[in-house]
1. Could you sort out which of LYS185/LYS241; LYS57/LYS195; LYS14/LYS178; LYS52/LYS241; LYS52/LYS195; LYS161/LYS185 sit more than 23 Å apart by Cα distance in this structure?
2. Extension gain ALA137-ALA200, at 0.36 nm per residue separation less the Cα-Cα distance, in nm?
3. Quick one: length gained pulling LEU32 to ARG172 fully straight, 0.36 nm per residue minus the C-alpha distance?
4. Near GLN197, within a Cβ-to-Cβ distance under 11 Å, what is the net charge of the other residues, with Lys and Arg +1 and Asp and Glu -1?
5. Taking Cα atoms of the stretch 112-177, Rg/Rh with Kirkwood Rh, to two decimals?
6. Fewest first, what order do VAL142, VAL186 take by the number of other Cβ atoms within 10 Å?
7. Tell me the chymotrypsin sites (Phe, Trp or Tyr not before Pro) within the stretch 1-65 that lie in a loop according to DSSP and have at most 11 other beta-carbon atoms within 10 Å.
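We did not get these values from a lab; they are worked out from the coordinates using the rules stated. Here the structure is a predicted model, which means the values were calculated and not measured. Cβ: placed from backbone, ideal geometry, glycine included. Neighbour counts: every protein chain shown.
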Amino acid sequence: MPSKQRTLVEIACKASADTLSTHLPLTYTPLLSTTSYSITLVPGPSLSSTLKSTIWKLYEANMRTLSEGSSMGWGPKEKQRELWHSDSRFVLLRPLRQQGDKGKGKAREGSRGGAEVAAFAMFRFDWEECMDPDWEADNCEVVYCYELQVAPSARRLGMGKFLVDQLILLAREYRMRKVMLTCLKVNTSALAFYKCQGFAIDPISPSQLARSAPSAAGGETLDGETEWEDEAECDYEILSKRVM
Ligand SMILES: CC(C)(COP(=O)(O)OP(=O)(O)OC[C@H]1O[C@@H](n2cnc3c(N)ncnc32)[C@H](O)[C@@H]1OP(=O)(O)O)[C@@H](O)C(=O)NCCC(=O)NCCS
């Protein structure tokens with residue numbers, strides 16, 4: 001790993017929640033809503049047990065059925081290890097107690113008190129394999145979005161887009177190259193959403209590796225199948241959006 005890349009990711013990972021928060025607004029009011037939401041950035045391990053439980057309930061309500069039917073499966077223990085990992089950073093949108101309340105002081109009050117979560121993104125600053133034709137290194141710096149979850153009652157208000165925009169902003173601020181994520185192919189509404197936000201299938205996504213096979217990855221596996229057949233059948237895509 002080139003040392004410059006390592007340094008950029010290490011700097012970003014070491015940034016405190018307070019420092020990261022300075023790049024984000026304090027509140028967000030969707031155009032079509034009278035409710036304002038506080039924006040809080042919290043490292044996974046610093047979440048209170050109440051917030052962890054709220055986040056988990058939202059994640060389970062949104063993702064359990066989809067995950068159970070996928071190659072990823074439903075593994076609460078493993079998933080919670082990932083969510084509360086020391087490198088994970090959450091951006092939370094929580095309704096302020098009083099409707100239409102946009103003041104800074106009130107935002108802080110709301111972010112301290114409320115355990116209700118309307119939407120959240122969980123990300124890490126990381127290195128990821130890179131196969132972009134114009135990028136000479138094998139890896140690049142990314143904001144990897146592990147989760148983007150909006151409560152069913154809060155959808156189509158712009159919260160998903162708002163959260164993606166904050167990840168792009170942080171990625172630019174810390175000189176990451178892309179925002180990346182993994183999305184199940186059956187999750188067609190999320191795929192449509194990401195497409196709207198300018199994401200495209202990344203060259204390292206299994207479907208793209210399969211396309212470039214057999215020259216790139218077409219070796220035979222032990223069971224006699226070609227690797228690229230496996231990759232073509234993979235039930236997820238890796239999406240990315242370049243930020244610089
Ligand atoms: C996918 C998800 C994050 C989108 O969040 P959202 O807050 O509802 O989306 P936004 O309101 O910001 O949508 C912005 C734009 O994206 C597009 N979009 C959003 N949802 C869409 C959908 N279901 N189908 C097609 N386009 C969609 C629209 O163009 C929308 O703008 P519009 O409402 O003015 O037409 C949300 O539906 C969700 O949490 N789903 C369940 C969890 C999930 O699948 N997460 C992703 C895992 S990879």
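1. Exceeds cut-off: LYS57/LYS195; LYS52/LYS241; LYS52/LYS195.
2. The span from ALA137 to ALA200 would gain 20.7 nm if fully extended.
3. 47.6 nm
4. Its environment carries a net charge of +2.
5. The Rg/Rh ratio comes out at 1.10.
6. VAL186, VAL142
7. Here no chymotrypsin sites (Phe, Trp or Tyr not before Pro) fit, given the DSSP loop and packing criteria.
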